[in-house]
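Any read-out appearing in this document is the output of simple, stated calculations on the displayed coordinates, not a laboratory observation. Just so it is clear, the model here is predicted, and its values are computed rather than measured. Because the Cβ atoms are built from the backbone with ideal geometry, glycine has one as well, and the counts that use them run over all protein chains shown.
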There are 2 protein chains.
Amino acid sequence: MTGFFITKDTVVSDAALNAIAYLPTEHLSKTVDPAFFRTLKDKDFMRIATLLAQKSYDEGGCPIGGVVIDSKTRQIIGKGHNTLGQENDSTTHGETAAIRDAGRVARLKGKGPVDFRKTIMFTTLTPCVVCCAQINNRCHFEKVIIGDITNASSTEKILRAGGTQNIEVLQDSKAIALYKQYAKQRPDLHYIDWGGHKKLADVQKTRPVKK
Amino acid sequence: MTGFFITKDTVVSDAALNAIAYLPTEHLSKTVDPAFFRTLKDKDFMRIATLLAQKSYDEGGCPIGGVVIDSKTRQIIGKGHNTLGQENDSTTHGETAAIRDAGRVARLKGKGPVDFRKTIMFTTLTPCVVCCAQINNRCHFEKVIIGDITNASSTEKILRAGGTQNIEVLQDSKAIALYKQYAKQRPDLHYIDWGGHKKLADVQKTRPVKK
């Protein structure tokens, strides 16, 4: 064992959390002391999700990130961000990216499908109605923590109706400011992400949307 | 140009359609004469989706496949299959795999997000309520053709309510038989796929489910 890059005594800073955002999930156990994760508050995991959103934005993509942690050990089991801009992939949102990553990492460890019932989903933006709210309900997360209900209508009702009772809104000002900026800069991708080309065309009917 | 492996005169057989199922989508234009695709009926594209389901089953995965074609040119723009068994990925169903593939291929051609409004989605099994029906509605496919409403409750109502008016059920006996066999052999994955570990646990309460 080479030793941890981030130890239990490392100060919780954006720089440290950003390194965690960038490190592939399967390598976290080799580089970050599990004790460090145990010191993190919910707002710190939300910050990691926001830094993943920033990573996506820096790549020309939609700034929405997701992080899934084991609710008991507080270790990250999956994380990711929207990839519509990077990969034209309208099925990969912040939440689905983190869910898929968790499955991939479990598989690397020789495990089967992940049981998400004892995990917490942190998502920077309120889960979209058309897929993420539904998928979150199928996963039956112990808790869903949302970082931004300012830039999109909250889907709390849909989540609760689907059995996700434990929902917390932990507004992250950086996540909100970042998504607001993106929606203004790339309204085309913003509308495609939320409703496909039909949504974009519907909006175009009443006012031009720059690409 | 080396010449097409499958020409306009190639007999439409399971062997030819299986080769198409296995060829990466971005290589189809180099190996299959576009005229061949123009001769294919809807049932032939559904057979390709079923052969993708068979491919998934042969890999130890869930046998559900999806194919998206351009409704005018009848060329395949995306295809894929469920990967829960292969990758522990509970977000990749037949439809989402095909949608993601279409985006990937468009990107290889230097294009942006795919406009699915002039495309047809062929899916072997009725779109799941929790994500695929919703995602199909967001994509606004010109038409959704379903190959099996025997092994799962039809989501036609949800699709119609979401704006997908043009739905056809084209029951494919091979797709139906294959999924039925799989659900019997791997009830655990079947339940996880449709409702997560909670669904599996709920079923276990009343009767044992073998893994």
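A compact table of results
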{"item": "Taking N as its residue count, the alpha carbon Rg of the range A:1-80 over 2.2 N^0.38 Å", "result": "1.04"}
{"item": "Simple Cβ-charge dipole of chain A, Lys/Arg +1 and Asp/Glu -1, about Cα centre, in debye nearest 20", "result": "320"}
{"item": "Pairs beyond 21 Å (Cα-Cα), from B:K157/B:K210; A:K79/A:K111; A:K174/B:K111; B:K43/B:K174; A:K118/B:K205", "result": "B:K157/B:K210; A:K174/B:K111"}
{"item": "Nonlocal amide H pairs with B:K143, under 5 Å, H built at 1.01 Å", "result": "B:T119, B:M121"}
{"item": "Candidates per trypsin sites (Lys or Arg not before Pro) in the range A:15-85, loop by DSSP, up to 13 other Cβ within 10 Å", "result": "A:K41, A:K72"}
{"item": "Shortest-first nm distances, A:V12 label point to equivalent points in other copies (7 Å, Cα→Cβ)", "result": "6.2"}
{"item": "Other copies of B:G112: label-to-label distances in nm, shortest first, labels 7 Å along the beta-carbon direction", "result": "4.4"}
{"item": "Copy-to-copy label separations for A:K180, where each label sits 7 Å from Cα toward Cβ, in nm and ascending", "result": "5.8"}
{"item": "Residue-averaged [θ]222 nm for the protein assembly as shown, counting only DSSP H segments that reach four residues, each worth -39500 (n - 2.57)", "result": "-14500 deg cm²/dmol"}
{"item": "Hull shadow area, averaged, chain B [alpha-carbon convex hull, nm²]", "result": "11.8"}
{"item": "Cα-based Kirkwood hydrodynamic radius, the protein assembly as shown, one decimal, Å", "result": "22.1"}
{"item": "Reachable aspartates and glutamates, given that their alpha-carbon falls under 15 Å from the alpha-carbon of A:K198 and they are not under 8 places away in the same chain", "result": "A:D188, B:D115, B:E142"}
{"item": "Shielding by partners, peptide B:91-101 (average Cβ within 10 angstrom, other chains)", "result": "4"}
{"item": "Cα-centred dipole magnitude for the range A:70-139, charges only on beta-carbon of K, R (+1) and D, E (-1), debye, nearest 20", "result": "440"}
